[in-house]
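The block underneath contains the structure these notes are about, expressed in structure tokens.
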Amino acid sequence: MHTFSYVKAKSLKEAGDMLAAHADAKLLAGGMTLIPTLKARLAQPSHLIDIGGLAELTGIEAKDGKLTIGAATKHVEVAKSAVVKKAIPALAYLASQIGDPQVRNRGTIGGSLANNDPAADYPSAALSLNATIVTSKRQIAADDFFHGMFTTALDASEMIVKIVFPIPAKAAYEKFPHPASGYAMAGSFVSQSGKEVRVAITGAGPGVFRWKDAEAALGKKLNAGAIDALAVDATDLNEDMHGTKEYRANLAKVMTKRAVAKISGK
Ligand SMILES: Cc1cc2nc3c(=O)[nH]c(=O)nc-3n(C[C@H](O)[C@H](O)[C@H](O)COP(=O)(O)OP(=O)(O)OC[C@H]3O[C@@H](n4cnc5c(N)ncnc54)[C@H](O)[C@@H]3O)c2cc1C
């Protein structure tokens, strides 16, 4: 039987020191992914460092054109926050669509981004909104953070502390949820800031990605018809019992059109 030590961190520093001291230690936030992973014996850490209750990792603030959310902030808190609803309503909506009430009451934004499940919702918002992931060591632009399926730029002893989202002029998120889990079969987060439009697709491929052809077309004309002639390249998309590559490519386009229509009314 595998045994491990459980430690409830009292401060960010204590969590960071423990993480650096034990090569096989793992951070525990909401536990929504990590606990099932432990139960399935897919991870066997020496230490579980619980950062779930750390005040230094919570808090939501909108200031100087930026929305900052602490890494241990739960999905339900983002979904219900008046600050998020005012600054980036699409982000509050996204959080409200994650999983089910139990998952939203435990899961955290930092855990979701660190885990980088290819079907998770938050990575699309971080990438589309050009967020900065602030860690215990540095600041990482979303464009450099997501490295494909369950892989990020984080090193083994690095902790996400907060996420800083530039507040866009307009944004919308649409996903086609898997009926059992709520994870995205395909989801599209579309945002406009100045003249720039960024489109991030989740669920369809091995990791979140930007659909740059759509960004260029929507940058010229922000309406759903502007991408009628475009198609998401299906070559590297996911294929499983739930859908083919081509099905997911089409879903990604449909979700993008719905998100654009939500923003532009067209
Ligand atoms: C039934 C079910 C349905 C779900 N549906 C959805 C869905 O529809 N959409 C969706 O997006 N997600 C979904 N999820 C995932 C869920 O929303 C959580 O976001 C996700 O499980 C990870 O967050 P957590 O806080 O629970 O992290 P944990 O499970 O505690 O940790 C996950 C990983 O992240 C690491 N980690 C945690 N916090 C940090 C940090 N601050 N810095 C560095 N590393 C860290 C941990 O060490 C671990 O490796 C679902 C989960 C379940 C169980």
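The values are calculated or read from the model by the stated rules, or taken from the named source; none is laboratory data. For clarity, every value in this text was computed on a predicted model and none was experimentally measured. When we count neighbours, we look across all protein chains shown, and the Cβ atoms used for this are built from the backbone with ideal geometry, even at glycine. Note: accessible area is taken over every heavy atom of the protein model, side chains too, but ligands, DNA and RNA are not part of it. Shrake-Rupley method; radii C 1.70, N 1.55, O 1.52, S 1.80 Å.
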Open item on the list: Principal axis extents for segment 1-88, Cα atoms only, whole Å, descending order, please.
Closed with: 49, 27, 16
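How large is the translational diffusion coefficient of segment 22-68 in µm² per second when you combine the Kirkwood radius over alpha carbon pairs with Stokes-Einstein at 4 °C and 1.567 mPa s?
The estimated diffusion coefficient comes to 102 µm²/s.
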- [ ] Between beta-carbons, use under 15 Å as the cut-off and find the net charge around residue 28, counting Lys and Arg +1, Asp and Glu -1.
- [x] +3
- [ ] Name the residue, out of 163, 69, 140, whose mean-square fluctuation peaks in a Gaussian network model built on the chain with Cα pairs under 10 Å.
- [x] 140
TODO: Could you do me a favour and compute the accessible area per residue for the chain, 1.4 Å probe, result in Å²?
DONE: 47 Å²
TODO: Can you give me the P(r) profile for segment 102-248? Cα pairs, bins 5 angstrom wide beginning at 0, each as a whole percent.
DONE: 2, 10, 18, 22, 20, 15, 9, 3, 1, 0
Task: Dipole-positive endmost among 200, 264, 36 within the chain (Cβ charges, Cα centre) - done: 264
Open item on the list: Tell me the accessible surface of residue 147 in square angstrom (1.4 angstrom probe, heavy atoms of protein chains only), to the nearest ten.
Closed with: 110 Å²
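Tell me which DSSP H helices of the chain clear both cut-offs, 18 Å or more of axial length from alpha-carbon atoms and a mean Kyte-Doolittle hydropathy of at least 1.6.
The qualifying helices: there are none.
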Task: Environment charge of residue 80, counting only residues whose C-beta is closer than 11 Å and scoring Lys/Arg +1, Asp/Glu -1 - done: +2
Open item on the list: Which one, 23, 172, 229, has the greatest fluctuation when you compute a Gaussian network model over the chain with C-alpha springs under 10 angstrom?
Closed with: 229
Task: Percent of C-alpha pairs per 10 Å bin, segment 155-223, short to long - done: 18, 38, 33, 10, 0
Task: Solvent-accessible area of residue 17 with every protein chain in place, 1.4 Å probe, in Å² to the nearest 10 - done: 80 Å²
Open item on the list: Counting C-alpha atoms alone, how compact is the chain: give Rg to one decimal and Dmax as a whole number, in angstrom.
Closed with: 18.3, 60
